[in-house]
Amino acid sequence: MGVEVSLRSVTRKYASAMALDEVSLDVEPGSAVALMGPSGAGKSTLLHLVGAMDPPDAGEIVVDGERVHDLSRRGLDRYRRRIGFVFQRFHLLPALSVLDNVLAPVLPRRVDFDRRARAMELLEAVGLADRASALPSRLSGGQQQRVAIARALIARPPLLLADEPTGNLDSATGHEIVDLLLTLREEHGMTMLMATHNPELAAVCDRVVRMKDGKVVSDERLTPSQDVLDRIGRLG
Ligand SMILES: Nc1ncnc2c1ncn2[C@@H]1O[C@H](COP(=O)(O)OP(=O)(O)O)[C@@H](O)[C@H]1O
Ligand SMILES: [Mg+2]
């Protein structure tokens, strides 16, 4: 159910920097790509552009056959609703319960599934069904990121964008989140594009794209390691 994502000579300039400098990248449906590289390389900018939170200055982004920046306002709304986004700093709504945070993206919308049942299913999947009524401030960082991941998946997105999803977590908690993303990917088959400095997260991806100074400097396909195969086996 994942979508294809293509960037063709995408450029994004800021007054201070060339954040993306003619970047081209083709991501196959259902594949997971780790974007790595030093701070300032352009990883977040790339994710924001693919998420249509910001337009490119030149070039084009084509997702599932649609040129994203040609979409009408309504088309863009529809497009953004099909993307799950996970941030480094969780970005949960502090006044809402865990369950309501997961439901928030679909509450104002007509959907063809039972919202609450789906939210509870996802909370189950991320191991937090028993904390559904808690406020985010009562949870650890790792638990908050699990809620954020459940929220990102509520609308069954064919594309998940994650910006340093383990960046604010200690390594043991980061490991749990890597396992969780791996499981969810096995179950949902969405395309995943993740900026990360975490070698463990990169190792469970199909491909590692390294960036520097707004350019792609290397693009490596990974064959799954025995460790990853064992973990998928254990999950199934
Ligand atoms: N909103 C912005 N305004 C000005 N410059 C920005 C903005 N966002 C990013 N940049 C600049 O663009 C470059 C790439 O940033 P970013 O995409 O955040 O890199 P990364 O996520 O790899 O650390 C950096 O030089 C950064 O300072
Ligand atoms: Mg960044």
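The values are calculated or read from the model by the stated rules, or taken from the named source; none is laboratory data. Because the structure is a prediction, the values reported are computed rather than measured. Note: ideal-geometry Cβ built from the backbone for every residue, glycine included; neighbour counts use all protein chains shown. With ligands, DNA and RNA removed, areas are computed over all heavy atoms of the protein, side chains included. Shrake-Rupley method; radii C 1.70, N 1.55, O 1.52, S 1.80 Å.
Remarks
- Ordered from highest to lowest accessible area with the whole protein assembly present and a 1.4 Å probe, 107, 92, 153 read as 107, 92, 153.
- Sequence of 91, 188, 175 when ordered by accessible area, the most exposed leading, probe 1.4 angstrom: 91, 175, 188
- Amide H contacts under 5 Å for residue 2: 30, 191, restricted to partners 5 or more places along the chain or on a different chain, H placed in the peptide plane at 1.01 Å from N.
- Taking region 39-142 and dividing mean pair separation by its residue count, relative contact order in percent (alpha carbons under 8 Å, at least six apart): 21 percent
- Karplus 3J(HN,Hα) series, Hz, for region 2-10 with 6.51 cos²θ - 1.76 cosθ + 1.60 (x for Gly, Pro): x, 9, 7, 10, 10, 10, 10, 6, 7
- Exposure of residue 215 as accessible area (Å², to 10), given a probe of 1.4 Å and all protein chains: 100 Å²
- Full-extension gain in nm, residue 223 to residue 60, via 0.36 nm per residue minus C-alpha separation: 55.7 nm
- Between the amide H of residue 132 and any residue lying 5 or more places away or on another chain, no distance stays under 5 Å, with hydrogens modeled in the peptide plane.
- Per residue, the convex hull volume that the Cα atoms of region 141-236 enclose (Å³): 107 Å³
- In Å², nearest 10: area of residue 80 left accessible to a 1.4 Å probe: 90 Å²
- Per residue accessible area of region 5-235, 1.4 Å probe, in Å²: 47 Å²
- Relative contact order (percent, whole number), region 5-235, Cα cutoff 8 Å, 6+ residue spacing: 28 percent
- Calculated P(r) tail over 25 Å for the chain, as whole % of Cα pairs: 40 percent
- Derived scalar couplings between HN and Hα for region 67-80 equal 7, 4, 8, 9, 5, 5, 4, 5, x, 5, 4, 5, 4, 5 Hz in order, rounded to whole Hz, by the Karplus curve 6.51 cos²θ - 1.76 cosθ + 1.60 (θ = phi - 60°), x for Gly and Pro.
- For residue 34, net neighbour charge (Lys/Arg +1, Asp/Glu -1) across residues whose Cβ lies under 13 Å away: -1
- Fraction of accessible area attributable to carbon and sulfur, region 1-144 (%, probe 1.4 Å): 47 percent
- Working note: Karplus 6.51/-1.76/1.60 with θ = phi - 60° gives region 208-213 the couplings 10, 9, 9, 10, 7, 6 Hz, where Gly and Pro are set to x.
- Label point distance in nm, residue 186-residue 11, each placed 7 Å from Cα along Cα→Cβ: 4.5 nm
- In this structure residue 8 has an accessible area near 110 Å², from a 1.4 Å probe over the protein heavy atoms.
- Expected 222 nm ellipticity per residue - DSSP helices of 4 or more, -39500 (n - 2.57), all of the chain, to 500: -10000 deg cm²/dmol
- Taking amide H as placed 1.01 Å from N in the peptide plane, the amide H of residue 162 sits under 5 Å from that of 86, 193, 194, 195, each at least 5 places away or on another chain.
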